[in-house]
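These notes concern the structure reproduced below.
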Amino acid sequence: MGWTRIAGFEDARSMIVVFIGPPGAGKGTQSRRLVEYLRVPHLSTGDMLRKAKAEKDPVGALAAGFMDRGQLVPDAIVMEVVGHRLEHPECQNGCLFDGFPRTLGQAASLDEYLRTHNRRISVVLELAAAEEELIARMKRRALTENRVDDTPETIHERMIVYERQTSPLLKYYRERGLLESVNAMRSPDEVFQDIQSRIEARRGS
Ligand code: AMP
């Protein structure tokens, strides 16, 4: 049994971080930097689902249609994918969730999972940005990354999905004292510095 598994005691270095933000807010970029800084695994459900889709495994086939339309993949499929990763020993010392949870159902499942494993979320980071800026960023990204879900129609759909299904999580985590809202409408370096200082403040508390 590792230190982090002892009831009521968490290694100060072991952090479970959740990133929430609308499409285009820079979650991918910031979370890649943060995993290097924290030295924890990066659990991006978007990446996991894209991989499953590319490898044409059964989960990927189920998820593909939802992803291409810019809709959320059903919770049961997402929990199946995440559950496998969480069981992995590399996640025992913390991890960074990027794009997960995205619904209140997923948040409740994650809480339940962590509770039964004597773990808890350390901090939830919201990357906040104005919608017009996000749409402009995503159009630029569509040109460089060639993502099938970055067409004008799916960008619009993903914004609506974020508002309806994911933004209620902000209240959920604020009420639990876990939310840090970071202004994402700055340079990537400025945003990252802000994230770092909030992480350090939480680590010290
Ligand atoms: P992302 O790269 O995080 O923007 O995710 C790309 C797409 O994968 C989303 O538009 C959804 O279709 C799907 N997806 C990723 N994460 C989740 C999740 N936690 N719940 C449901 N669908 C997800």
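The values are calculated or read from the model by the stated rules, or taken from the named source; none is laboratory data. Small disclaimer: the values here were computed from a predicted structure and weren't measured. Note that each Cβ is placed from the backbone with ideal geometry, even for glycine, and that neighbours are counted across all protein chains shown. Remember, those area values only see protein heavy atoms, side chains included, never the ligands or the DNA or RNA. Shrake-Rupley method; radii C 1.70, N 1.55, O 1.52, S 1.80 Å.
Here are some notes:
- Whichever lysines have a C-alpha closer than 20 Å to that of K51, once near sequence neighbours (fewer than 8 apart) are set aside: K27
- Stokes-Einstein translational diffusion, the chain - Kirkwood Rh over all Cα pairs, 0.692 mPa s, 37 °C, in µm²/s: 187
- Between helix 104-116 and the chain: long-axis angle, C-alpha atoms, 0 to 90°, nearest 10: 20
- Normalising the average separation of contacting C-alpha pairs (under 8 angstrom, six or more residues apart) by the number of residues puts the relative contact order of the chain at 31 percent.
- Note on K171: aspartates and glutamates with a C-alpha under 17 Å away, same-chain residues under 8 apart excluded, are D111, E126, E163, E180.
- Entry note, the chain: the mean residue ellipticity at 222 nm calculated from DSSP H runs of n ≥ 4, each adding -39500 (n - 2.57), is -16500 deg cm²/dmol after division by the residues and rounding to the nearest 500.
- Euclidean distance between Cα centres, the stretch 133-159 to the stretch 12-42, Å: 21
- Low-density loop positions, trypsin sites (Lys or Arg not before Pro), the stretch 84-146 - DSSP coil, at most 15 other Cβ in 10 Å: R120
- Residue-normalised accessible area of the stretch 87-205, given per residue in Å² at a 1.4 Å probe: 54
- Carbon and sulfur %, accessible surface of the stretch 140-194 computed with the full protein complex present, 1.4 Å: 51
- The chain: angle of helix 45-54 to the longest principal axis, Cα-based, in degrees nearest 10: 60
- In this simple spin-label approximation, L143 and H117 carry label points 7 Å from Cα along the Cα→Cβ vector, and these lie 4.2 nm apart.
- Added length on full extension, which subtracts the Cα-Cα distance from 0.36 nm per residue, Y172 to H88: 27.5 nm
- Taking Cα atoms only, the orientation of helix 75-86 departs from the longest principal axis of the chain by about 50 degrees.
- Where GluC sites (Glu not before Pro) fall in DSSP loop in the stretch 6-93, at most 13 other Cβ within 10 Å: E55, E87
- Whole-Hz Karplus values for the stretch 164-173 come out as 6, 9, 9, 4, x, 5, 5, 5, 3, 7 Hz, taken residue by residue from phi with 6.51 cos²θ - 1.76 cosθ + 1.60 and θ = phi - 60°; glycine and proline positions read x.
- Over the stretch 113-183 - Rg/Rh using Cα atoms and the Kirkwood inverse-distance radius: 1.09
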